[in-house]
């Protein structure tokens, strides 16, 4: 009876060590990917994210999504990202691509932003920004 209890404790400890190992590896990988971005790319990423949040908070993004004005959103992003190529991909709630604008060859970073439209549909706006040449 005592051996069964000890085995359960050992199994629990091994499971905990395994979870901690994967957590450390994922965190390390994330930190390395952030460090690999240059300062300009980091600032650009944060400015795009803050612009998306502001556009979403006033209802502008959900209006664009519901009316399928993808080119209008692309033009707004073009103003935010003037010196780099980027690709705008809109996915519906079934993860099917419903719009794909622009081109991108060498990826510097990707931004994903989820929007809930007024009719309770989910959409993902994915922006893939090209590395600075």
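Residue under question is residue 26, and the condition is that it be assigned to a helix (DSSP H, G or I), at pLDDT 80 or above and more than 30 Å from residue 117 (Cβ to Cβ); does it hold?
It is false that residue 26 is assigned to a helix (DSSP H, G or I), at pLDDT 80 or above and more than 30 Å from residue 117 (Cβ to Cβ).
Restricted to region 55-75, and to residues that are without any contact (Cβ under 8 Å) to a residue 24 or more places away in the chain and buried (at least 18 other Cβ atoms within 10 Å of the Cβ), which residue is farthest from residue 91 (Cα to Cα)?
Selected residue: 55.
The values are calculated or read from the model by the stated rules, or taken from the named source; none is laboratory data. Owing to the predicted nature of the structure, the values given are computational and were not obtained by experimental measurement. Positions of Cβ are generated from backbone atoms using ideal geometry, with glycine treated the same way; all protein chains shown enter the neighbour counts.
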